[in-house]
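Structure first, then comments.
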Amino acid sequence: MTVNGAVAGVGQKVDPDSDSVEIDGIPLPVKPGLVHYLVYKPPGVISSAADPQGRPVVTGLVPPEPRVFPVGRLDEGSEGLLIVTNDGELTNRLTHPRFGVEKTYKVLVAGLPTAAALRRLTEGVELDDGPARAVRAKVLDRHGDQALVEVVMGEGRKREVRRMCAAVGHPVERLVRTAIGPLRDAQLRPGKWRPLAIEEVRSLYEAAGGIWEDAPPGEEGSP
């Protein structure tokens, strides 16, 4: 363990307000007042702290204090796991494309994707805002004229998975985010939340590569 970059001594005291604590190069979130919630965002809820149209927002699903913000976004019609926090450092690491923290989705699509269609997803398709590609894509199940596809992404542009699937001829009928990096919770129900354990928070930092010395400062706001 290190404190402010130096190896910690036995019995050394730490000031959580000012000291930076790391274990095996991974930050330990010890600053007072930090909260980390895992939320299952239902369809129809906006991934925001406020909505000018008065639609329900994901921060309305968690305690009102302290003020928190969603990490990244799921579009209004999509559902699944979303982190809500006031930890600006973690928000930056999970949303900045340099870190490439993987997000996993189960996607119900129209039609039965061929091996060639799946290969297009991983090799890249051209979208109106540039090329996009999945890290991995595989069919989990086929039923009638629909298929359940697992898609793993290393970035998160607006409606990217939906647009990619449509581009290969398989429009999305339902999209569920099932994992953020190593973080999963198959028991969490739509509209529910739970606090993250400190080990889970550290695992997210680890998935983002641990220390990044020249990272831009995180902002405690909507990414």
Taking the options Val161, Val139, Val149, name whichever one is in contact with a Phe, Trp or Tyr (Cβ under 7 Å, 6 or more places away or on another chain), surrounded by 16 or more Cβ atoms within 10 Å (Cβ to Cβ), not acidic (Asp, Glu) and not in a loop (DSSP other than H, G, I, E, B). Val161
Report whether or not Thr95 is closer than 18 Å to Arg157 by Cβ, of a type outside the set (D, E, K, R) and at pLDDT 95 or above. no
Count of the range 96-120 residues which are of a type in the set (Val, Ile, Thr) and surrounded by fewer than 19 Cβ atoms within 10 Å (Cβ to Cβ): 1
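So that you can scan it fast, the table gives a plain yes or no per residue for (1) closer than 17 Å to Thr95 by Cβ; (2) of a type in the set (Lys, Arg); (3) in contact (Cβ under 8 Å) with a residue 60 or more places away in the chain:
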site: His143; (1), (2), (3): no, no, no
site: Gln146; (1), (2), (3): no, no, no
site: Met164; (1), (2), (3): no, no, no
site: Val168; (1), (2), (3): no, no, no
site: Val176; (1), (2), (3): no, no, yes
site: Leu183; (1), (2), (3): yes, no, yes
site: Leu188; (1), (2), (3): no, no, yes
site: Tyr205; (1), (2), (3): yes, no, yes
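The values are calculated or read from the model by the stated rules, or taken from the named source; none is laboratory data. Just so you know, these numbers come straight off a predicted model, no measurement behind them. Don't worry about glycine lacking a Cβ; one is built from the backbone with ideal geometry, like all the others, and counts go over all protein chains shown.
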